[in-house]
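If you scroll down you'll find the structure; I have some questions about it.
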Amino acid sequence: MRVTQSPALEELPVSEACPTCGQKTYDSVRPPHQLIALRWNRICKVCGTLYVPPIPQLISLGLTLTGVVLLVIGGVGGFFSLRSGNILALLLEAALCALGVLAVKHGYRSLVQSGSM
């Protein structure tokens, strides 16, 4: 079986079936260089094309809203921690904000730009 892999920086096509031949038979593979994967990548059993299955819109919306909540909690908490001079709490709220940004980015990208990941 020939596996058509894309370079790490190139975006993979998002599709329920193989974007090259249209077949729905696949093997699942873990996405490289990705800490969290909602769904594993797919390799077509017929032609070997690597592609990404779409993330359900409800999950994308939930991930985006969770990121917004994390950003608000981290921002408000960070404001009060800064005022009180609590550096440890400020670092924890900065980490919450960073997680919020990542969640919003991934949720938005999978919701709006569903053609490629």
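Can you tell me which residues in region 61-115 are out of contact with any helix residue (DSSP H, G or I) (no Cβ under 6 Å at 6 or more places or on another chain), among the small types (Gly, Ala, Ser), surrounded by 13 or more Cβ atoms within 10 Å (Cβ to Cβ) and under 30 Å from PRO13 (Cβ atoms)?
Those that are out of contact with any helix residue (DSSP H, G or I) (no Cβ under 6 Å at 6 or more places or on another chain), among the small types (Gly, Ala, Ser), surrounded by 13 or more Cβ atoms within 10 Å (Cβ to Cβ) and under 30 Å from PRO13 (Cβ atoms): GLY62, ALA98, SER114.
Does SER110 satisfy being at pLDDT below 90, part of a loop (DSSP other than H, G, I, E, B) and hydroxyl-bearing (Ser, Thr, Tyr)?
Numbers: at pLDDT below 90: yes; part of a loop (DSSP other than H, G, I, E, B): no; hydroxyl-bearing (Ser, Thr, Tyr): yes.
In short, no.
If you take the residues in region 34-60 that are in contact with a strand residue (DSSP E or B) (Cβ under 9 Å, 6 or more places away or on another chain) and not in a loop (DSSP other than H, G, I, E, B), which one is surrounded by the most Cβ atoms within 10 Å (Cβ to Cβ)?
Checked region 34-60; the qualifying residue surrounded by the most Cβ atoms within 10 Å (Cβ to Cβ) is CYS44.
Please state which of the following conditions PRO56 fails to meet, knowing it meets all the rest: (1) modelled with pLDDT of 90 or more; (2) within 21 Å of GLY107 (Cβ to Cβ); (3) not aromatic (Phe, Trp, Tyr).
For PRO56, the exception is condition (1).
Still on this structure, please answer the following. Residues PRO19, PRO31: which one is in a loop (DSSP other than H, G, I, E, B), within 21 Å of LEU99 (Cα to Cα) and either at pLDDT 90 or above or of a type outside the set (Asp, Glu) (or both)?
From the options PRO19, PRO31, the qualifying one is PRO31.
The values are calculated or read from the model by the stated rules, or taken from the named source; none is laboratory data. What you see is a predicted model; the values in this text were computed from it and never measured. Methodologically, a virtual Cβ is constructed for each residue, glycine included, from the backbone with ideal geometry; neighbour enumeration extends over all protein chains shown.
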